[in-house]
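Enquirer: Have a look at this one.
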Amino acid sequence: ANLSKTSKPLEANGSYTAKIKMKPQFTYLMSDGTTGFFRATTFGGGSKIPIAVVINQDKGLAVALKDAGKVWWTLLNPSTWQTTNAVYSSAALVAAENGYAQTWDGATTMNGQVKATSTNFPAFKAIGDYNPGVPLTGALAGKKWYMPASGEWKYAYPLGCCEQPITTSNWYKWYGRLADIAFTQVGGTELVGNNNDKWYCASTEYGASHASGMAFRNHSLTISYGDKNVDQFSRAFIKY
């Protein structure tokens, strides 16, 4: 706080209240495969083009800056088991982290289709076709975007300045507006925005009739499941 600019004279041993605006420092994945903070990006005065927000450095995991679309999980019969490894419990939803395989490996789909290239799975195809607007070079050359499994979405939780581990499909408190800044300050799309109940689908199938996902609100989030045959937001993940 710059107290030198106040119009009120400062008194010795006086008591004053200062408002300090704090903003977390997010890590970005750049188009050349490197990572860096806001100041390294073209939006912060640097030369690097950001394409994703890093949500787990140990796993090399990042989430795209923008939505891939809002479409159905599948056009096929919603009561038909589509994947070869559906889960049936809250704990399994949180633990599932096989989104890449479910997006790009035909062996994970009962009819052998690669969901990222199949029109029968619009949400997966939207992510398979996702284009960040710039070529991926360096260590990212040849890398593919994929739909995250339900458990991979939990790594976005710290973007809202919360560190409590997600272990079940309960509602967890977080600061959604703060998380949105990670995306909007570099030209991306909010995870919450004005929706206050924005549902993102995940690759994990819950039983034979539902697909999992992450629900984002301004002050809370949860990993849960919903209908396959309704419009849902999709957001691409990438491993670097």
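The values are calculated or read from the model by the stated rules, or taken from the named source; none is laboratory data. Owing to the predicted nature of the structure, the values given are computational and were not obtained by experimental measurement. Here the Cβ positions follow ideal geometry from the backbone for every residue, glycine too, while neighbour counts run over all protein chains shown. For accessibility, only protein heavy atoms count, side chains too; no ligands or nucleic acids. Shrake-Rupley method; radii C 1.70, N 1.55, O 1.52, S 1.80 Å.
Enquirer: Net charge around Ala126, counting only other residues with Cβ within less than 15 Å of its Cβ (Lys, Arg = +1; Asp, Glu = -1)?
Expert: Values: positive: Lys66, Lys70, Lys115, Lys125, Lys144, Lys228, Arg235; negative: Asp67, Asp129, Asp231.
Charge balance near Ala126 sits at +4.
Enquirer: A further question on this structure: Pull up the cross-link candidates among the aspartates and glutamates for Lys173, meaning alpha carbon to alpha carbon under 12 Å and not fewer than 8 places away within one chain.
Expert: Glu163
Enquirer: Once the other residues with Cβ under 15 Å from the Cβ of Thr35 are scored (Lys, Arg +1; Asp, Glu -1), what is the net sum?
Expert: +3
Enquirer: With r as the distance between the Cβ atoms of Trp171 and Ala95 and R0 = 22 Å, compute the FRET efficiency 1/(1 + (r/R0)^6) and round to 0.05. Write down the numbers at each step before the final one.
Expert: Values: r = 19 Å, r/R0 = 0.84.
Efficiency at R0 = 22 Å is approximately 0.75.
Enquirer: Another one. Each residue of region 221-235 in order: what ³J(HN,Hα) in whole Hz does its phi give by Karplus 6.51 cos²θ - 1.76 cosθ + 1.60, θ = phi - 60°, with x for Gly and Pro?
Expert: 8, 7, 8, 8, 8, x, 5, 7, 9, 9, 5, 9, 6, 10, 9
Enquirer: Which pairs break 18 Å Cα to Cα here: Lys59/Lys198; Lys70/Lys198; Lys66/Lys198; Lys70/Lys125?
Expert: Lys59/Lys198
Enquirer: If the convex hull of the alpha-carbon atoms of the chain is projected onto planes in all directions, what is the mean projected area in square nanometres? Show your work: numbers first, answer last.
Expert: Values: hull surface 61.9 nm².
Here the figure is 15.5 nm², rounded to one decimal.
Enquirer: For region 25-163, take the convex hull of the Cα atoms, compute a quarter of its surface area, and give me that in nm², please.
Expert: For region 25-163, the mean projected area of the Cα convex hull comes to 9.3 nm².
Enquirer: Express in nm, to one decimal, how much length is gained between Asn111 and Thr42 on full extension, taking 0.36 nm for each residue of separation and deducting their alpha carbon distance.
Expert: 20.4 nm
Enquirer: GluC sites (Glu not before Pro), restricted to region 107-197: which are DSSP loop and have at most 12 other Cβ atoms within 10 Å?
Expert: Glu163
Enquirer: Right, another one. Determine the relative contact order of region 94-201: mean sequence separation of Cα pairs under 8 Å and six or more apart, normalised by residue count, in whole percent. Walk me through the numbers on the way to the answer.
Expert: Working: 120 pairs, mean separation 24.9, N = 108.
Relative contact order comes out at 23 percent.
Enquirer: Something else now. Amide H of Ser31 versus every other amide H placed in the peptide plane: which residues, excluding those fewer than 5 positions away on the same chain, fall under 5 Å?
Expert: Ile49, Ile51
Enquirer: Over the chain, what is the relative contact order in percent, taking alpha-carbon pairs closer than 8 angstrom and at least six residues apart?
Expert: That works out to 25 percent.
Enquirer: Do you know the relative contact order of region 94-141, to the nearest whole percent, from alpha carbon pairs under 8 angstrom that are 6+ apart? Please report the intermediate quantities before stating the final value.
Expert: Values: 36 pairs, mean separation 9.7, N = 48.
Relative contact order for region 94-141 comes out at 20 percent.
Enquirer: With all protein chains present and a 1.4 Å probe, how do Arg177, Arg217 order by accessible area, largest first?
Expert: Working: Arg177 120, Arg217 85 Å².
Most to least solvent-accessible, the answer reads Arg177, Arg217.
Enquirer: Taking H placed 1.01 Å from N in the peptide plane, check which residues at least 5 places from Gly69 or on another chain put their amide H under 5 Å from its amide H.
Expert: Ser234
Enquirer: What's the carbon and sulfur percent of region 84-240's accessible surface, probe 1.4 angstrom, rounded to a whole number?
Expert: Values: 3220 of 6180 Å².
Roughly 52 percent of what the probe reaches on region 84-240 is carbon or sulfur.
Enquirer: Calculate, for the chain, the solvent-accessible area per residue in square angstrom, rolling a 1.4 angstrom probe over the heavy atoms of the protein chains. Write out the running numbers ahead of the final one.
Expert: Details: 11540 Å² over 240 residues.
With the other protein chains kept in place, the chain gives 48 Å² per residue.
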